[in-house]
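The values are calculated or read from the model by the stated rules, or taken from the named source; none is laboratory data. Remember, predicted model here, so these are calculated numbers, not experimental data. No Cβ is skipped: glycine too gets one built from the backbone with ideal geometry, and neighbour counts run over all protein chains shown. Quick note on the areas: whole protein, heavy atoms, side chains included, nothing else; ligands and nucleic acids left out. Shrake-Rupley method; radii C 1.70, N 1.55, O 1.52, S 1.80 Å.
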Amino acid sequence: MAVSVSKFISGSICTLVLVVAATVPSMGQQSQEPASIATQIKNLGWKLGPSEGKIAGRATIAIPAKYGFLGAADTSKFLTLMRNLPRTDSYTFAPNDLDWFAIFDFEDTGYIKDDEKIDADAVLQSLKEGTARNNEERKRRGYPVLTLDGWFVPPHYDTGTKRLEWATKLSSEGGVSVTYRIRLPGRAGVMSAVLVSDPDSLEKDIRVFKTVLNDFSFDPGQRYSEYRQGDKIAEYGLTGLIVGGAAAAAAKTGLFKVIGKFGILIFAGAAAIIGGLFKRLFGGRTAA
(Lines give C-alpha, C1' and ligand atoms only; values in the text may rest on other atoms or scores of the structure.)
Protein backbone atom coordinates (compact mmCIF):
# COMPACT_ATOMS: atom_id res chain seq x y z
CA MET A 1 0.00 0.00 0.00
CA ALA A 2 1.39 3.40 -0.95
CA VAL A 3 1.45 6.24 1.51
CA SER A 4 2.54 9.82 0.86
CA VAL A 5 5.87 10.38 2.56
CA SER A 6 5.22 14.11 2.78
CA LYS A 7 2.13 13.30 4.83
CA PHE A 8 3.62 10.38 6.72
CA ILE A 9 6.51 12.41 8.08
CA SER A 10 4.98 15.66 9.22
CA GLY A 11 7.47 18.48 9.58
CA SER A 12 6.04 19.36 12.96
CA ILE A 13 6.35 15.96 14.60
CA CYS A 14 10.02 15.61 13.75
CA THR A 15 10.90 18.95 15.32
CA LEU A 16 9.31 18.28 18.66
CA VAL A 17 11.50 17.86 21.71
CA LEU A 18 10.49 14.75 23.63
CA VAL A 19 11.67 13.78 27.09
CA VAL A 20 10.62 11.22 29.65
CA ALA A 21 9.72 12.95 32.87
CA ALA A 22 11.28 10.40 35.19
CA THR A 23 14.17 9.35 32.95
CA VAL A 24 16.82 10.85 30.71
CA PRO A 25 17.82 10.53 27.03
CA SER A 26 19.81 7.52 25.89
CA MET A 27 23.43 7.71 26.95
CA GLY A 28 25.97 7.97 24.14
CA GLN A 29 23.33 8.82 21.51
CA GLN A 30 24.89 10.84 18.72
CA SER A 31 23.30 14.07 17.54
CA GLN A 32 21.52 13.59 14.22
CA GLU A 33 20.22 15.99 11.61
CA PRO A 34 16.39 16.28 11.53
CA ALA A 35 16.30 15.03 7.93
CA SER A 36 18.11 11.84 8.95
CA ILE A 37 15.72 11.28 11.83
CA ALA A 38 12.71 11.81 9.57
CA THR A 39 14.02 9.31 7.05
CA GLN A 40 14.61 6.69 9.74
CA ILE A 41 11.11 7.19 11.16
CA LYS A 42 9.61 6.82 7.67
CA ASN A 43 11.50 3.56 7.17
CA LEU A 44 10.27 1.89 10.36
CA GLY A 45 7.93 -1.08 9.99
CA TRP A 46 4.64 0.77 10.01
CA LYS A 47 1.59 -1.49 9.73
CA LEU A 48 -0.98 0.53 7.81
CA GLY A 49 -4.75 0.31 8.09
CA PRO A 50 -7.25 -0.98 7.62
CA SER A 51 -5.88 -3.71 9.82
CA GLU A 52 -5.42 -4.39 13.53
CA GLY A 53 -2.56 -4.09 15.98
CA LYS A 54 -1.76 -6.50 18.80
CA ILE A 55 -0.58 -4.89 22.03
CA ALA A 56 1.57 -6.79 24.53
CA GLY A 57 -0.27 -10.04 23.90
CA ARG A 58 -3.12 -8.62 25.94
CA ALA A 59 -5.21 -6.36 23.72
CA THR A 60 -6.10 -5.43 20.16
CA ILE A 61 -6.72 -2.06 18.51
CA ALA A 62 -8.28 -1.52 15.10
CA ILE A 63 -6.08 0.39 12.66
CA PRO A 64 -8.35 2.44 10.38
CA ALA A 65 -7.40 3.64 6.93
CA LYS A 66 -4.89 6.52 7.07
CA TYR A 67 -3.46 5.27 10.38
CA GLY A 68 -0.38 3.24 11.23
CA PHE A 69 0.91 1.02 14.03
CA LEU A 70 4.38 0.03 15.23
CA GLY A 71 5.16 -3.17 17.11
CA ALA A 72 7.46 -3.33 20.10
CA ALA A 73 10.82 -3.45 18.29
CA ASP A 74 10.06 -0.52 16.01
CA THR A 75 8.50 1.50 18.81
CA SER A 76 11.75 1.16 20.74
CA LYS A 77 13.60 2.55 17.70
CA PHE A 78 11.01 5.30 17.29
CA LEU A 79 11.36 6.43 20.90
CA THR A 80 15.14 6.33 20.67
CA LEU A 81 15.02 8.56 17.59
CA MET A 82 12.86 10.93 19.65
CA ARG A 83 15.57 10.98 22.37
CA ASN A 84 13.76 8.74 24.83
CA LEU A 85 15.08 5.63 26.49
CA PRO A 86 14.21 2.53 24.46
CA ARG A 87 11.54 0.20 25.82
CA THR A 88 11.11 -3.50 25.33
CA ASP A 89 7.31 -3.78 25.10
CA SER A 90 5.73 -0.51 23.96
CA TYR A 91 3.55 0.10 20.90
CA THR A 92 2.83 3.14 18.73
CA PHE A 93 -0.44 4.21 17.12
CA ALA A 94 -0.61 7.28 14.85
CA PRO A 95 -2.35 8.89 11.88
CA ASN A 96 -0.28 8.68 8.70
CA ASP A 97 0.55 12.39 8.85
CA LEU A 98 1.95 11.95 12.40
CA ASP A 99 0.14 15.06 13.59
CA TRP A 100 -0.02 13.13 16.87
CA PHE A 101 0.87 9.69 18.12
CA ALA A 102 0.11 7.50 21.12
CA ILE A 103 2.38 5.11 23.00
CA PHE A 104 0.81 2.03 24.61
CA ASP A 105 2.35 0.01 27.46
CA PHE A 106 0.95 -2.75 29.63
CA GLU A 107 1.80 -2.98 33.34
CA ASP A 108 1.28 -6.31 35.06
CA THR A 109 0.00 -4.68 38.23
CA GLY A 110 -2.78 -7.07 39.04
CA TYR A 111 -6.43 -6.13 39.20
CA ILE A 112 -6.94 -2.40 39.97
CA LYS A 113 -9.90 -1.71 42.23
CA ASP A 114 -11.75 1.28 40.84
CA ASP A 115 -13.86 2.28 43.84
CA GLU A 116 -11.50 5.04 44.98
CA LYS A 117 -12.41 8.74 44.97
CA ILE A 118 -9.58 10.82 43.47
CA ASP A 119 -8.50 13.98 45.32
CA ALA A 120 -7.27 16.07 42.38
CA ASP A 121 -5.71 18.79 44.55
CA ALA A 122 -3.69 16.33 46.63
CA VAL A 123 -2.55 14.47 43.51
CA LEU A 124 -1.43 17.70 41.87
CA GLN A 125 0.62 18.65 44.92
CA SER A 126 2.29 15.25 44.88
CA LEU A 127 3.11 15.58 41.19
CA LYS A 128 4.60 19.03 41.79
CA GLU A 129 6.86 17.60 44.47
CA GLY A 130 7.92 14.85 42.10
CA THR A 131 8.67 17.39 39.39
CA ALA A 132 10.82 19.40 41.80
CA ARG A 133 12.82 16.30 42.73
CA ASN A 134 13.29 15.36 39.07
CA ASN A 135 14.53 18.87 38.34
CA GLU A 136 17.58 18.27 40.50
CA GLU A 137 18.67 15.51 38.13
CA ARG A 138 17.76 17.62 35.09
CA LYS A 139 19.92 20.50 36.34
CA ARG A 140 22.79 18.12 37.02
CA ARG A 141 22.66 17.00 33.39
CA GLY A 142 22.29 20.53 32.03
CA TYR A 143 18.65 20.16 30.96
CA PRO A 144 16.10 22.95 31.45
CA VAL A 145 13.97 22.58 34.56
CA LEU A 146 10.23 21.93 34.32
CA THR A 147 7.42 23.69 36.16
CA LEU A 148 4.14 21.87 36.67
CA ASP A 149 1.54 24.61 36.16
CA GLY A 150 -1.59 22.59 36.84
CA TRP A 151 -4.23 20.40 35.21
CA PHE A 152 -5.15 20.66 31.55
CA VAL A 153 -7.68 17.88 32.13
CA PRO A 154 -8.37 17.07 35.82
CA PRO A 155 -8.31 13.35 36.69
CA HIS A 156 -11.54 11.63 35.73
CA TYR A 157 -12.54 7.97 35.83
CA ASP A 158 -15.43 6.84 33.65
CA THR A 159 -17.03 3.80 35.25
CA GLY A 160 -18.79 2.95 32.00
CA THR A 161 -15.80 2.89 29.66
CA LYS A 162 -13.31 1.99 32.43
CA ARG A 163 -11.02 4.80 31.37
CA LEU A 164 -8.97 6.95 33.73
CA GLU A 165 -7.78 10.14 32.05
CA TRP A 166 -5.87 13.28 32.99
CA ALA A 167 -3.55 15.85 31.46
CA THR A 168 -0.99 18.19 33.01
CA LYS A 169 0.43 21.52 31.84
CA LEU A 170 4.16 22.11 32.21
CA SER A 171 6.41 24.95 31.23
CA SER A 172 10.11 25.34 30.62
CA GLU A 173 12.46 27.71 28.88
CA GLY A 174 11.75 25.56 25.82
CA GLY A 175 8.06 26.42 25.83
CA VAL A 176 4.78 25.03 27.11
CA SER A 177 3.98 21.33 27.22
CA VAL A 178 0.90 19.23 27.81
CA THR A 179 0.85 15.51 28.55
CA TYR A 180 -2.39 13.57 28.18
CA ARG A 181 -2.65 10.10 29.63
CA ILE A 182 -5.28 7.36 29.70
CA ARG A 183 -5.20 4.22 31.82
CA LEU A 184 -7.34 1.26 30.79
CA PRO A 185 -7.61 -1.37 33.54
CA GLY A 186 -7.89 -5.01 32.62
CA ARG A 187 -8.11 -8.25 34.56
CA ALA A 188 -4.38 -8.66 35.20
CA GLY A 189 -3.11 -5.11 34.97
CA VAL A 190 -3.48 -1.78 33.25
CA MET A 191 -2.89 -0.58 29.71
CA SER A 192 -1.30 2.85 29.63
CA ALA A 193 -1.59 5.22 26.70
CA VAL A 194 0.16 8.58 26.35
CA LEU A 195 -0.99 10.96 23.65
CA VAL A 196 1.77 13.14 22.14
CA SER A 197 0.43 16.17 20.32
CA ASP A 198 1.00 19.86 19.73
CA PRO A 199 -0.66 21.78 22.59
CA ASP A 200 -2.43 24.01 20.05
CA SER A 201 -4.35 21.04 18.64
CA LEU A 202 -4.44 18.85 21.74
CA GLU A 203 -8.14 19.22 22.52
CA LYS A 204 -9.07 18.16 18.97
CA ASP A 205 -6.56 15.32 19.03
CA ILE A 206 -7.87 14.08 22.38
CA ARG A 207 -11.35 13.80 20.88
CA VAL A 208 -10.01 11.87 17.90
CA PHE A 209 -7.91 9.59 20.07
CA LYS A 210 -10.81 8.81 22.42
CA THR A 211 -12.88 7.86 19.38
CA VAL A 212 -10.05 5.57 18.21
CA LEU A 213 -10.09 3.91 21.64
CA ASN A 214 -13.66 2.78 21.01
CA ASP A 215 -12.02 0.11 18.84
CA PHE A 216 -9.53 -0.90 21.54
CA SER A 217 -10.35 -4.01 23.54
CA PHE A 218 -8.64 -6.43 25.86
CA ASP A 219 -8.48 -9.93 24.50
CA PRO A 220 -10.81 -12.62 25.86
CA GLY A 221 -9.72 -13.62 29.36
CA GLN A 222 -7.97 -10.27 29.90
CA ARG A 223 -11.00 -8.01 30.37
CA TYR A 224 -11.73 -6.13 33.57
CA SER A 225 -15.14 -7.74 33.83
CA GLU A 226 -13.55 -11.21 33.79
CA TYR A 227 -11.93 -10.86 37.21
CA ARG A 228 -12.18 -14.04 39.27
CA GLN A 229 -11.65 -14.66 42.95
CA GLY A 230 -8.00 -15.47 43.53
CA ASP A 231 -6.64 -13.15 40.83
CA LYS A 232 -3.76 -10.91 41.85
CA ILE A 233 -4.92 -7.59 43.34
CA ALA A 234 -2.81 -4.43 42.83
CA GLU A 235 -1.42 -2.77 45.95
CA TYR A 236 -2.76 0.63 44.89
CA GLY A 237 -5.80 2.10 43.19
CA LEU A 238 -6.66 4.87 40.76
CA THR A 239 -4.60 7.54 42.53
CA GLY A 240 -1.56 5.28 42.35
CA LEU A 241 -1.97 5.00 38.59
CA ILE A 242 -1.70 8.77 38.32
CA VAL A 243 1.21 9.41 40.65
CA GLY A 244 3.55 6.63 39.75
CA GLY A 245 2.19 3.11 39.73
CA ALA A 246 4.39 0.72 41.61
CA ALA A 247 6.12 3.52 43.50
CA ALA A 248 2.77 4.39 45.04
CA ALA A 249 2.60 1.02 46.76
CA ALA A 250 5.62 1.94 48.84
CA ALA A 251 4.25 5.39 49.63
CA LYS A 252 0.55 4.78 50.07
CA THR A 253 0.57 6.11 53.62
CA GLY A 254 2.17 9.44 52.64
CA LEU A 255 2.76 11.81 49.77
CA PHE A 256 3.85 10.32 46.50
CA LYS A 257 7.21 11.46 45.20
CA VAL A 258 7.41 10.48 41.55
CA ILE A 259 5.78 11.13 38.23
CA GLY A 260 4.67 8.05 36.32
CA LYS A 261 7.19 6.49 33.97
CA PHE A 262 4.98 7.15 30.99
CA GLY A 263 5.33 10.94 31.24
CA ILE A 264 6.33 11.87 27.71
CA LEU A 265 6.35 15.65 27.25
CA ILE A 266 5.94 17.61 24.08
CA PHE A 267 7.10 21.20 23.64
CA ALA A 268 5.38 23.62 21.29
CA GLY A 269 7.06 26.15 19.06
CA ALA A 270 9.75 23.99 17.49
CA ALA A 271 7.89 23.28 14.24
CA ALA A 272 8.59 26.69 12.74
CA ILE A 273 12.34 26.22 13.10
CA ILE A 274 12.93 23.40 10.63
CA GLY A 275 9.48 22.30 9.48
CA GLY A 276 10.17 23.48 5.95
CA LEU A 277 13.14 21.14 5.70
CA PHE A 278 10.91 18.08 5.77
CA LYS A 279 8.59 19.46 3.11
CA ARG A 280 11.56 20.02 0.81
CA LEU A 281 12.97 16.60 1.64
CA PHE A 282 9.79 14.53 1.27
CA GLY A 283 7.41 16.69 -0.75
CA GLY A 284 5.60 14.98 -3.58
CA ARG A 285 7.21 11.55 -3.25
CA THR A 286 5.55 8.29 -2.33
CA ALA A 287 6.78 5.04 -0.88
CA ALA A 288 5.30 1.59 -1.23
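Remarks
- So ILE233, is it modelled with pLDDT of 85 or more, open to solvent by 40 Å² or more (accessible area, probe 1.4 Å) and touching a Gly at 6+ places or on another chain (Cβ under 9 Å): yes
- Pair list, Cβ < 7 Å and 6+ apart or interchain, from the stretch 212-231 residues that are more than 14 Å from GLY53 (Cα to Cα) to residues that are part of a strand (DSSP E or B): GLN222/ALA59; TYR224/PRO185; TYR227/TYR111; ASP231/TYR111
- Residue count for the stretch 146-164, restricted to those that are touching a residue at least 40 places away in the same chain (Cβ under 8 Å), charged (D, E, K, R) and part of a strand (DSSP E or B): 1
- Filter result for LEU98 (open to solvent by less than 20 Å² (accessible area, probe 1.4 Å), closer than 28 Å to PHE216 by Cα and modelled with pLDDT of 85 or more): yes
For every residue, the table says whether it meets (1) open to solvent by 10 Å² or more (accessible area, probe 1.4 Å); (2) under 22 Å from ARG183 (Cβ atoms); (3) in contact (Cβ under 8 Å) with a residue 60 or more places away in the chain; (4) in contact with a strand residue (DSSP E or B) (Cβ under 6 Å, 6 or more places away or on another chain).
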{"site": "PRO50", "(1), (2), (3), (4)": "yes, no, no, no"}
{"site": "SER76", "(1), (2), (3), (4)": "yes, yes, no, no"}
{"site": "SER90", "(1), (2), (3), (4)": "no, yes, no, yes"}
{"site": "ALA94", "(1), (2), (3), (4)": "no, yes, no, yes"}
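- Residue within the stretch 209-218 that is over 19 Å from ASP99 (Cα atoms), at pLDDT 95 or above, part of a strand (DSSP E or B) and of a type outside the set (S, T, N, Q) present: yes
- Every condition in (1) out of contact with any Leu (no Cβ under 9 Å at 6 or more places or on another chain); (2) open to solvent by 20 Å² or more (accessible area, probe 1.4 Å) holds for LYS128 except the one numbered (1).
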